[in-house]
1. Just name the residue that is nearest to A:Gly262 (Cα to Cα) out of those in segment B:99-123 that are among the hydrophobic types (A, V, I, L, M, F, W, C) and open to solvent by less than 20 Å² (accessible area, probe 1.4 Å).
2. Of everything in segment B:40-76 that's away from chain A (no Cβ under 14 Å), in contact with a Pro (Cβ under 9 Å, 6 or more places away or on another chain) and part of a loop (DSSP other than H, G, I, E, B), which residue is most open to solvent (accessible area, probe 1.4 Å)?
3. Checking the conditions here, which among A:Thr133, A:Thr64 is within 30 Å of A:Leu225 (Cβ to Cβ), open to solvent by less than 70 Å² (accessible area, probe 1.4 Å) and hydroxyl-bearing (Ser, Thr, Tyr)?
4. Based on what the data block shows, is A:Pro347 surrounded by fewer than 18 Cβ atoms within 10 Å (Cβ to Cβ) and either outside any helix (DSSP H, G or I) or in contact with a helix residue (DSSP H, G or I) (Cβ under 7 Å, 6 or more places away or on another chain) (or both)?
5. If only one of A:Leu220, A:Leu278 is open to solvent by less than 40 Å² (accessible area, probe 1.4 Å) and either in contact with a strand residue (DSSP E or B) (Cβ under 6 Å, 6 or more places away or on another chain) or of a type in the set (A, V, I, L, M) (or both), which one is it?
6. In segment B:2-39, which residues are at positive phi and either among the small types (Gly, Ala, Ser) or part of a loop (DSSP other than H, G, I, E, B) (or both)?
7. Condition first: open to solvent by 20 Å² or more (accessible area, probe 1.4 Å) and either without any contact (Cβ under 8 Å) to a residue 60 or more places away in the chain or of a type in the set (Asp, Glu) (or both). Now tell me which residues in segment B:206-250 satisfy that.
Amino acid sequence: MTADSSSVALTNEQQTAERREVFQYVLRRFGVYLFTLWAAITVAFFIFRLVPGDPMNILLGNITRAEGRQRDAAEQEVIIARYRKIFGVDDPLPLQYVNYLRKAILGGLDLGPSFVEYPAQTKDLVFRRMPWTIGIFTTSVLLAWLVGTGLGALIGWLQRSRLSQLAVVISTLLQITPVYLVALGLIIYVGYTWRILPAGGPYARHLQPEWTWEFISSLLTHAILPMLSNMIVIGAGFTLGMRALMISVLGEDYLTFARAKGLSPYTVLKDYAFRNALIPQVTALAIIVGATLNGTFIIEVLFQLPGLGTLFVQAMGLRDFNTMQAVVLFSIFAVLTLTLIVDLALPLLDPRVRRTA
Amino acid sequence: MPALLEIRGLSAGLRGRRSVTPVVSDVDLDVQAGEILGVVGESGCGKSTLAAAIMRLLVPPQVLQSGSMNFRLADGSYDLAQLPARELRQLRWRQLSYIPQGSMNSLNPVLRVERQMTDTLLQHGLTKAEAHKRSVAALELVNLEPKILESYPHELSGGMRQRVIIAAAVSMRPALIVADELTTALDVVTQRQILQELAAIRDELGATIILITHDMGVVAQIADRVAVMYAGKIAELGTVNGIFEAPLHPYSQGLIGSIPRESGQRVEGLPGEAPSPWKYPGGCRFHPRCPEVFAPCNERIPALLPQKPERRVACHLYDAEVAADA
């Protein structure tokens, strides 16, 4: 009886210790998250101000072109001075940086006015464009991950079959193809030559955004090609990654032991091979999201979608560092948040992480 | 009494582009019910391949080339070499268990011990409660507490993991257990405890154990009979006492001579190195290292012939026919 109660007490103690470990893990991950976010914002702030070309002159040139008349030098000076004041670029750089952080954090994400659509706030601009990027990018990466993980697990498990070896060759070719080539190929053949699917724009030109079946179906058919271009390249990468993970797990001692136990091949695949190969594959998802975001920006431009990518390209042309920074800020935020979610999910998949991380 | 496992002409090798490299060649071996049979030899002599072949766990490029392995049970006889995968799966764990080499990594790091012990039992048709009870009982055999079921492998020490593997392997009370280098990664104290536990399990369950090891000390400690392997073939087979007292094969003599006995005494090692499967010599595979090599050794392959009672030797020295020719 005494032995029983003492062993129960020990288990409780262990549980408390385990809970404390999990809590510390979460806290640590969150600290890393905040620090990385700050560091990234800081780097973005200074880098865009180093891009050559004065945004004020570019802006002035645009105004001049728009109005079709040349102003005299004095008048130009006045206009530039006014804009410089509005954008706060006369202050010394460190002060600008402090002001930027202060407004962004305390001013409710006030990221300053944009040049691209002056006087619209960059914040509003980013929020308006964000759904397109999230819709196309996030969905296609997640789909690519699901398909790639499943496919990779299968061809890793059947590594010696002919079909599996063929799949590896195809995936390798697709993975090394630049995403813009895939996108251009789809636009040229599927969009223009065969005319199967629309090759550009967010939805059919004659429609207005509204909750009708016609609009939604137009939206979805327009989304297929951009998503497919993203999925093909990223999915091929996920497939190859998962295959490699599966093959290395298949060589583990615990897999031999699982087979020796007389488990059905399905159980061995599900509980021993797939379950273990999945852990690094989840981490890969977070890494790939960051690495492929720029590819999506190219896709948006190629498919003429009004997302953050096209906004960034527009802003780049004007040296609109407020908008560029806001886009980068948003991207960093999205990638880091996803990484955080993955980090927090890992201990659920892998009991060893709770201790070692 | 017929043997529990009757291996005849078993050959296994590594499949290359053009040919199969022999690793285990033409092995005949009878395993008697209830015994602990030690299989000893140097690294690379094919003893682990033999274990994997018996368990039908060879993975490409390893291939089973030929031979039969008759496994006699109360409900009939099964040739393990030919058995279809489905029937083999049902035999595994129920009648045929495996304690693998590298037991340290033989538990899945992300599943709790309970899951890994019971999943097989559940697939063999036990209920959840029965499976749990059996697992607890099996853990008791190796002196582990039931609460270990809640642990993940990384929370256990090496000795505990090894015990969990043994417990899992005996949980269905199998007729035959193949244990491959089960104490290699353990310190000597733990090693001795685990060997004692294994012997106790044999006595309690009446199981038969094939113990693969490179350690003559382990064999001396718990085996009843011993098969000495050299370069993929059995060199000598006999009782532990018989072979330790009077080894016949020059290789066995060398192996036993290399065991340190008294302090201060110089240990006699075997000259040369064991050949790799790609370089197995013709004739008797031991002849390049053999101190007593003579005329027929590099041409004729010696057969494993009975000598004294309970002893078989594959050496021309003891073959009257060969001696007469020479």
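The values are calculated or read from the model by the stated rules, or taken from the named source; none is laboratory data. Source: prediction; values computed, not measured. FYI the Cβ positions are ideal-geometry reconstructions off the backbone, even for glycines, and counts take in every protein chain you see. Calculation scope for accessible area: heavy atoms of the full protein, side chains included, ligands and nucleic acids excluded. Shrake-Rupley method; radii C 1.70, N 1.55, O 1.52, S 1.80 Å.
1. In the first step, residues of segment B:99-123 are kept if they are among the hydrophobic types (A, V, I, L, M, F, W, C); the result is B:99, B:104, B:107, B:110-111, B:113, B:117, B:121-122.
Subsequent filtering for residues that are open to solvent by less than 20 Å² (accessible area, probe 1.4 Å) retains B:99, B:107, B:110-111, B:113, B:117, B:121.
Numbers: B:Ile99: 13, B:Leu107: 15, B:Val110: 20, B:Leu111: 17, B:Val113: 17, B:Met117: 12, B:Leu121: 10 Å.
The selected residue is B:Leu121.
2. Selected residue: B:Gly44.
3. On the way: A:Thr64 fails: within 30 Å of A:Leu225 (Cβ to Cβ).
Of A:Thr133, A:Thr64, the one residue that is within 30 Å of A:Leu225 (Cβ to Cβ), open to solvent by less than 70 Å² (accessible area, probe 1.4 Å) and hydroxyl-bearing (Ser, Thr, Tyr) is A:Thr133.
4. Details: surrounded by fewer than 18 Cβ atoms within 10 Å (Cβ to Cβ): no; either outside any helix (DSSP H, G or I) or in contact with a helix residue (DSSP H, G or I) (Cβ under 7 Å, 6 or more places away or on another chain) (or both): yes.
In short, no.
5. Details: A:Leu220 fails: open to solvent by less than 40 Å² (accessible area, probe 1.4 Å).
Answer to the selection: A:Leu278.
6. B:Gly9, B:Gly34
7. Selection gives B:Asp215, B:Gly217, B:Ala220, B:Gln221, B:Asp224, B:Asn241, B:Phe244, B:Glu245, B:Ala246, B:Pro247.
Condition check ((1) on the phi < 0 side of the Ramachandran plot; (2) in contact with a Phe, Trp or Tyr (Cβ under 8 Å, 6 or more places away or on another chain); (3) in a helix (DSSP H, G or I); (4) not basic (Lys, Arg)) across all residues:
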{"position": "B:Glu236", "(1), (2), (3), (4)": "yes, yes, no, yes"}
{"position": "B:Glu273", "(1), (2), (3), (4)": "yes, no, no, yes"}
{"position": "B:Val293", "(1), (2), (3), (4)": "yes, no, no, yes"}
{"position": "B:Arg300", "(1), (2), (3), (4)": "yes, no, no, no"}
